[in-house]
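Each remark here refers to the structure printed beneath this line.
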Amino acid sequence: MKYLVLALLLIASPVGAAITHIGSLGTANPTAAATTTVITTAATLEAGNVAIAVIALDNACVSNDTPTQTTEVTGVADSAANTYTRLREVCVSVDGVGAGSAATLSIWVTKATAELATGGTITFTHASQTARAARAREFTVAAGNSLKVAGTPIDEFLDGTDATTQTLTGLPDKEYLFLRLIGRERADTTAITLTANYTAWVVVCADNGGADATSMWLAGEFRILTLTGQGGDTSDPTIPAVSEGTDGINTYLALEEYSTLARPVSPIMFQ
């Protein structure tokens, strides 16, 4: 009797789109110089869910009014040993000026393999900076999935002015998490006016003695949307003005689910 062993490639098929917002995991807004920024979680990140962790830093980036991709945040870790991946990081400075007139916005994601309990920590590592504002939020995705950037993000420099209308296009029909995030030198908690159908990321401010130029303000909006022929979406929040010469950066991106499961080779025997 002879047996033939066939190796079949089993491609993991994720359950249908399932992005859902759970809530904020916590914030941080230190103003004393340090090489880490720590969010102490005010809620539990459940294993199997996704956390998006965002930080805005007042820093020494020199980009002469042009948004520039950077890696000033060298890593993110949490006390449950989950692995974080950079989604986008951009910086900008006014007229080539460095310290005191620059901003960096850094966005990270983790697919939690272990529960991160309330009172745990999410730690950003970076060069020594003063004002930093950070927030993490929790989302569900389908089993075996995580989130990655879809299409091409749009970055924009802010010099004391409002952000412009931004439209992401060329996206195929499926579900996305659209994120518009803003980091700027500002010393109060004034909120943005949201685009219709978007939800606030909610402002976090590292107020350094009331001085805009040495403080940092993080805000934004997000929307979970299944495209059916639109090709993308538009974000047009109203961002409070600050004095000319203060620096800000904002980015608009779409995140899509993808499978993180391996593709095992399964032997099938038959006679």
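Overview of values
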| quantity | calculated |
| --- | --- |
| Filter pass, residue 16 being in a loop (DSSP other than H, G, I, E, B), modelled with pLDDT of 90 or more and either under 19 Å from residue 144 (Cβ atoms) or among the charged types (D, E, K, R) (or both) | no |
| Qualifying residue in segment 140-147 (condition: modelled with pLDDT of 95 or more, part of a strand (DSSP E or B) and more than 19 Å from the chain's Cα centre (by Cα)) | no |
| Odd one out for residue 151 among (1) part of a strand (DSSP E or B); (2) on the phi < 0 side of the Ramachandran plot | (2) |
| Restricting segment 51-91 to residues that are assigned to a loop (DSSP other than H, G, I, E, B) and at pLDDT 95 or above, the residue that is surrounded by the most Cβ atoms within 10 Å (Cβ to Cβ) | 82 |
| Some residue of segment 183-191 being in a strand (DSSP E or B), at pLDDT below 95 and under 26 Å from residue 71 (Cβ atoms) | yes |
| Boolean, residue 48 is at pLDDT below 95 and not aliphatic (A, V, I, L, M) | no |
| Qualifying position, being hydroxyl-bearing (Ser, Thr, Tyr) and over 21 Å from residue 21 (Cβ atoms), among 118, 125 | 125 |
| Test: residue in segment 122-135 that is small (Gly, Ala, Ser), at pLDDT below 95 and surrounded by fewer than 17 Cβ atoms within 10 Å (Cβ to Cβ) | yes |
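For (1) small (Gly, Ala, Ser); (2) in a loop (DSSP other than H, G, I, E, B); (3) within 17 Å of the chain's Cα centre (by Cα), each residue gets a yes or a no:
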{"site": "220", "(1), (2), (3)": "yes, no, yes"}
{"site": "229", "(1), (2), (3)": "yes, yes, no"}
{"site": "242", "(1), (2), (3)": "no, yes, no"}
{"site": "246", "(1), (2), (3)": "no, yes, no"}
{"site": "250", "(1), (2), (3)": "no, no, yes"}
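The values are calculated or read from the model by the stated rules, or taken from the named source; none is laboratory data. All of these numbers come straight from a predicted model, not from anything done at the bench. Backbone-built Cβ (ideal geometry, glycine too); neighbour counts: all protein chains shown.
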